[in-house]
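The values are calculated or read from the model by the stated rules, or taken from the named source; none is laboratory data. The structure presented is a predicted model; accordingly, all values stated were derived computationally and were not measured. Please note: Cβ atoms are built from the backbone with ideal geometry, for glycine as well, and neighbour counts cover all protein chains shown. Note: areas computed on protein heavy atoms with side chains; ligands, DNA, RNA excluded. Shrake-Rupley method; radii C 1.70, N 1.55, O 1.52, S 1.80 Å.
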Amino acid sequence: MKSGQSRGSGRFGVAPVAAGVAPVAVPMAVMLAIGLWGLDRGGMWGDESVTFQVAQRTVPQIWRLLHDVDAVHGLYYLFMHAVLTVHPGEVVLRLPSVCAATATAGLVAALGVRLAGPRAGLWAGVLYAITPMTGHYAQEGRSYALVAAGVAGATLLLLRAVDGVGARAWWPYGTVVALTCVLHELAVPVLAAHVVTLALLRVPRRVWSGWGRAAGVVALLLLPLVWVSQGQSGQVAWLVSPGWDRVGKLARNFSPGPAGPVFWGALLLMAAGLRERRTAAVALPLLLVPPGILMTVSQVRPLYHDRYVLYALAGASLLVAAGAGRVAHVLGRVRFDGRRLRVGGRRVRAVVGVTGVLALTGTFLHQLPVHRQDRSAAHRPDNLAVVSALAVRQMRPGDPVLFVPSVGRLAALAYPKGFRRVRDIALRESAPRSGTLWGLEATPGELRQRLAPVERVWVIAERYALDPRWSPPDPVERTKLAVLDKEFTVREEHVRDDVVLRLHVRREPAEVPPGVSEVPPGAATTARLPPGRPAAPRARPRPARW
């Protein structure tokens, strides 16, 4: 029997989960501390702001939104609606993700205890907790940390169901898988990972029958969500087919150290962990199958992003811990004989334990700059609080404001204080009333009429949107750019990261550029680039997506 294992309490000789409290409690404590550290970073970014403003709508308004957009996050929005009822703030917005990541660290540890013993479980849980990717999504007001907790819990319940007797053992598993996939339907590939696990464990027919019934119920429950979300596929139209560079990036993200000796050491330990057959049968499919499925499907229809497979990270932590446990087991049997020195197995195991603690501590310290950087609002794609603060300082009461493109209105929805004194000149119907994420805007003709008497207008725009080579497909956006270019000139400009705040004032008649013809209201104004001119800039990914 291997070091750290207790004798089998199940069909496959796995150790009982209740082998000790510390292997589970310590990773949870570490993850909770990392999750709470710097949680209030002073600003939401785009996707978080979507959660924040949608969750504060009424339940009927949320339900209406889900019919047209973002149904994939429906259960999460309803859950966050209840959470933000307590207190609508940034810290409360992120607390569910912190709690979910803490639970996941404990569940990963419990998996390690069950498969390879308390020491491997402790190492696996702590490794999961200190990996920078875990800390990143533990502090984000989106559903990915909750999905990871659901998958880890479902995997543990799978092992319990394999050891259980009767159909009742599969109901907890099926329930958790169903809830997890409803939280985010791209968690469905975990079922394929569990199929591979059952095949590698060579389970009997009764186990396959129980799993099949549970998976069938999950599939039936998910069909309505899949059907609705297929009509909302525009939400992920920004994704591209992943190449080998994305495989390398995912490997670095899944390692406790993205580069250098920590990364390569983790790979070597994972290779050693493959020798632990039971652990490998669970961890390897979880690590490889979901990313593999999504990357393969994305060659035809892009659906892959690293955050969609955060839950697969648990497989990497389990394999690294299993490899470290195997190395420790081998070293624990070493004897050094000499005149005065004879180191027995217990002493070697104690040294190995201390070495493990030092290795984990050193790994965390090595990644400390990454963790610190991640707790800065500037490290996220955008900081909407900065945009709102800039608006407070620069805009006068009653000033009209124009968002280019309209998704920039998320800053006003997340931080309305900075925009209470101004007038959103393009907005026709608010986001909650229209059942949209950032509201309905006026038609091109209506927008021209609204801008006609205006002498000055503030423009909040993405940097790429002000590039003259950019030609948006939306006629409203094209009208904004055409009117600004023809009838206004820039008086002042303020730039924060990729967001530009410009004050446009109406041109004097003598300033109107010669040769500019009036564009009929509602007409397309697609710009044509002269030969040899570089292609129009690609808009960077925007928020409110799966």
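Applying the selection to segment 469-490, what residues are in contact with an Asp or Glu (Cβ under 8 Å, 6 or more places away or on another chain) and either more than 23 Å from residue 428 (Cα to Cα) or of a type in the set (S, T, N, Q) (or both)?
Looking only at segment 469-490, we keep the residues that are in contact with an Asp or Glu (Cβ under 8 Å, 6 or more places away or on another chain), and these are 476, 489.
Matches in segment 469-490: 489 only.
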Checklist entry - Out of all the residues in segment 34-55, which are open to solvent by less than 60 Å² (accessible area, probe 1.4 Å) and either in a helix (DSSP H, G or I) or modelled with pLDDT of 95 or more (or both)? => result 34, 35, 46, 47, 48, 49, 50, 51, 52, 53, 54, 55
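Looking at residue 213, is it in contact (Cβ under 8 Å) with a residue 12 or more places away in the chain, surrounded by fewer than 19 Cβ atoms within 10 Å (Cβ to Cβ) and either at positive phi or not hydrophobic (A, V, I, L, M, F, W, C) (or both)?
Details: in contact (Cβ under 8 Å) with a residue 12 or more places away in the chain: yes; surrounded by fewer than 19 Cβ atoms within 10 Å (Cβ to Cβ): yes; either at positive phi or not hydrophobic (A, V, I, L, M, F, W, C) (or both): yes.
Yes; evaluated as a whole, the condition is true for this residue.
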Item to check | Residue list for segment 82-102, restricted to those being open to solvent by 50 Å² or more (accessible area, probe 1.4 Å) and either out of contact with any Leu (no Cβ under 7 Å at 6 or more places or on another chain) or polar (S, T, N, Q) (or both) | outcome: 82, 85, 86, 87, 88, 95, 99
Item to check | residue 452 of a type in the set (A, V, I, L, M), closer than 22 Å to residue 398 by Cα and under 33 Å from the mean Cα position of the chain (by Cα) | outcome: no
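Please indicate, with yes or no, whether at least one residue in segment 432-445 is in contact with a strand residue (DSSP E or B) (Cβ under 7 Å, 6 or more places away or on another chain) and more than 22 Å from residue 68 (Cβ to Cβ). Walk me through how you get there before you give the answer.
Quick first cut of segment 432-445, residues in contact with a strand residue (DSSP E or B) (Cβ under 7 Å, 6 or more places away or on another chain) only: 434, 439-442.
Now drop any that are not more than 22 Å from residue 68 (Cβ to Cβ), which leaves none.
No, because not a single residue in segment 432-445 is in contact with a strand residue (DSSP E or B) (Cβ under 7 Å, 6 or more places away or on another chain) and more than 22 Å from residue 68 (Cβ to Cβ).
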Checklist entry - Among the helices (runs of 4 or more DSSP H) confined wholly to segment 103-165, which include 3 or more residues that are over 25 Å from residue 369 (Cα atoms)? => result 118-130, 144-163
Next on the checklist: Yes or no: segment 2-22 includes at least one residue that is part of a helix (DSSP H, G or I) and either at pLDDT below 90 or open to solvent by less than 10 Å² (accessible area, probe 1.4 Å) (or both).
Outcome noted: yes
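Of everything in segment 450-485, what is free of Cβ contacts under 8 Å to residues at least 24 places away in the same chain and in a helix (DSSP H, G or I)? Give them in sequence order. Steps first, answer last, please.
From segment 450-485, those free of Cβ contacts under 8 Å to residues at least 24 places away in the same chain are 452-453, 473, 485; that's our starting set.
If the condition is that a residue be free of Cβ contacts under 8 Å to residues at least 24 places away in the same chain and in a helix (DSSP H, G or I), then 485 is the only one that fits.
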Checklist entry - Has segment 121-131 got any residue that is at pLDDT below 95 and aromatic (Phe, Trp, Tyr)? => result yes
Checklist entry - Among the residues of segment 227-236, is any buried (at least 18 other Cβ atoms within 10 Å of the Cβ), touching a Ser or Thr at 6+ places or on another chain (Cβ under 9 Å) and in contact (Cβ under 8 Å) with a residue 24 or more places away in the chain? => result no
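Hey, among 396, 456, 420, 463, which residue is within 18 Å of residue 500 (Cβ to Cβ), open to solvent by 10 Å² or more (accessible area, probe 1.4 Å) and modelled with pLDDT under 90? Steps first, please.
Working: 396 fails: within 18 Å of residue 500 (Cβ to Cβ); 456 fails: modelled with pLDDT under 90; 420 fails: within 18 Å of residue 500 (Cβ to Cβ).
After applying the criteria, what remains is 463.
Answer with yes or no whether residue 444 is at pLDDT 90 or above and open to solvent by less than 40 Å² (accessible area, probe 1.4 Å).
Numbers: at pLDDT 90 or above: yes; open to solvent by less than 40 Å² (accessible area, probe 1.4 Å): yes.
Yes: the conditions hold for residue 444.
Within segment 215-229, does at least one residue satisfy the condition of being part of a helix (DSSP H, G or I), touching a Phe, Trp or Tyr at 6+ places or on another chain (Cβ under 6 Å), at pLDDT below 95 and under 30 Å from residue 436 (Cβ atoms)? Break it down into steps so the answer makes sense when it comes.
Just the residues of segment 215-229 that are part of a helix (DSSP H, G or I), to begin with: 215-229.
Those still in the list that are touching a Phe, Trp or Tyr at 6+ places or on another chain (Cβ under 6 Å) too: none.
Checked segment 215-229: no residue is part of a helix (DSSP H, G or I), touching a Phe, Trp or Tyr at 6+ places or on another chain (Cβ under 6 Å), at pLDDT below 95 and under 30 Å from residue 436 (Cβ atoms).
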Checklist entry - Do we find a residue being crowded, with 23+ Cβ neighbours inside 10 Å and either more than 15 Å from the chain's Cα centre (by Cα) or modelled with pLDDT under 95 (or both) anywhere in segment 56-68? => result no
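What number of residues within segment 378-393 are crowded, with 23+ Cβ neighbours inside 10 Å and in a helix (DSSP H, G or I)? Don't jump to the end; show me each part of the working.
Initial filter on segment 378-393 (crowded, with 23+ Cβ neighbours inside 10 Å): 382-384, 387, 391.
Now narrow it down to the ones that are in a helix (DSSP H, G or I): 384, 387, 391.
Residues flagged as crowded, with 23+ Cβ neighbours inside 10 Å and in a helix (DSSP H, G or I) within segment 378-393 amount to 3.
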Next on the checklist: I'd like the residue in segment 173-184 that is under 19 Å from the mean Cα position of the chain (by Cα) and open to solvent by less than 20 Å² (accessible area, probe 1.4 Å) and, out of all such residues, is modelled with the lowest pLDDT.
Outcome noted: 184
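Would you check which residues across segment 154-177 are closer than 16 Å to residue 290 by Cα and out of contact with any Phe, Trp or Tyr (no Cβ under 8 Å at 6 or more places or on another chain) and list them?
First pass over segment 154-177, keeping only residues closer than 16 Å to residue 290 by Cα: 154-155, 177.
Listed by number, the residues that qualify are 155, 177.
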Checklist outcome for this item: Within segment 288-305, the residues that are touching a residue at least 40 places away in the same chain (Cβ under 8 Å) and of a type in the set (Ser, Thr, Tyr) are 298, 304
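Can you tell me which residues in segment 295-307 are open to solvent by 10 Å² or more (accessible area, probe 1.4 Å) and in a helix (DSSP H, G or I)?
Here is the first cut: in segment 295-307, the residues open to solvent by 10 Å² or more (accessible area, probe 1.4 Å) are 295-297, 299-303, 305, 307.
Within segment 295-307, 295, 296, 297, 307 qualify.
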Checklist outcome for this item: Over segment 243-255, the set of residues within 15 Å of residue 133 (Cα to Cα) and not in a helix (DSSP H, G or I) is 255
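Pick out the one residue from 372, 409 that is open to solvent by 50 Å² or more (accessible area, probe 1.4 Å) and either touching a helix residue (DSSP H, G or I) at 6+ places or on another chain (Cβ under 8 Å) or more than 29 Å from residue 470 (Cα to Cα) (or both). Please lay out each step first, then the result.
Working: 409 fails: open to solvent by 50 Å² or more (accessible area, probe 1.4 Å).
Answer to the selection: 372.
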Checklist entry - Which is at pLDDT below 90, surrounded by 23 or more Cβ atoms within 10 Å (Cβ to Cβ) and over 23 Å from the mean Cα position of the chain (by Cα), of 260, 332, 325? => result 325
Checklist entry - Just to be sure, is residue 247 open to solvent by 50 Å² or more (accessible area, probe 1.4 Å) and either over 29 Å from residue 114 (Cβ atoms) or under 23 Å from the mean Cα position of the chain (by Cα) (or both)? => result yes
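Give the residue, chosen from 203, 195, 240, that is modelled with pLDDT of 90 or more and not in a helix (DSSP H, G or I).
Only one candidate qualifies: 203.
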